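The structure appears right after this line, and notes come after that.
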Amino acid sequence: MAPTKKGDKKKSAMNEVVTREYTINMHKRIHGMGFKKRAPRAIKEIRKFAHKTMGTSDVRIDSRLNKHVWSCGIRNVPYRLRVRLARKRNEDEDSAEKLYTLVTYVPVATFKNLSTVTVDE
């Protein structure tokens, strides 16, 4: 790795309010799980993905996304999910986190040729 300059100020991506669409491959994330743990593990993996990509520890999952994950039962989780991750400012003053991530479901007909897209609101 190249050494960084001392005067080089990098803008923090954490303070930025942004919305992006991702495709999550759930099949590889729940591979090998027992049948009764697949849908709960899928929700945890969505949280982990949002935490890793957006950098906020406060992750909120929309009820429509939860219903879609559980739509085929506890053991038949969809192979792929198209989700919209929105990093937003926390309106609650006494909360420890300044930002939170809202994860919502995006219905698509096919997952072919989709990539990560930044959404303008």
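The values are calculated or read from the model by the stated rules, or taken from the named source; none is laboratory data. Keep in mind that what you see is a predicted model, and the values were worked out from it rather than measured. Cβ coordinates were reconstructed from backbone atoms using ideal geometry, including for glycine residues, and neighbour counts include every protein chain displayed. Ligands, DNA and RNA are stripped out before the accessible areas are found, and what is left, the full protein with its side chains, is counted by its heavy atoms. Shrake-Rupley method; radii C 1.70, N 1.55, O 1.52, S 1.80 Å.
Here are the numbers for this structure:
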| read-out | value |
| --- | --- |
| Counted residues, region 98-121 - those being part of a loop (DSSP other than H, G, I, E, B) and either surrounded by 12 or more Cβ atoms within 10 Å (Cβ to Cβ) or at positive phi (or both) | 6 |
| Selection count, region 91-121, where residues are of a type in the set (S, T, N, Q) and under 17 Å from the mean Cα position of the chain (by Cα) | 5 |
| Any hit, region 71-82, residues being part of a helix (DSSP H, G or I), within 10 Å of the chain's Cα centre (by Cα) and touching a residue at least 12 places away in the same chain (Cβ under 8 Å) | no |
| Selection from region 26-40 of residues that are part of a helix (DSSP H, G or I) and open to solvent by 80 Å² or more (accessible area, probe 1.4 Å) | K28, F35, K36, K37 |
| Residue match in region 87-96 (condition: outside any loop (DSSP other than H, G, I, E, B), on the phi < 0 side of the Ramachandran plot and either of a type outside the set (K, R) or open to solvent by less than 100 Å² (accessible area, probe 1.4 Å) (or both)) | yes |
| Number of the exception - R60 against (1) open to solvent by less than 70 Å² (accessible area, probe 1.4 Å); (2) in contact with a Leu (Cβ under 9 Å, 6 or more places away or on another chain) | (1) |
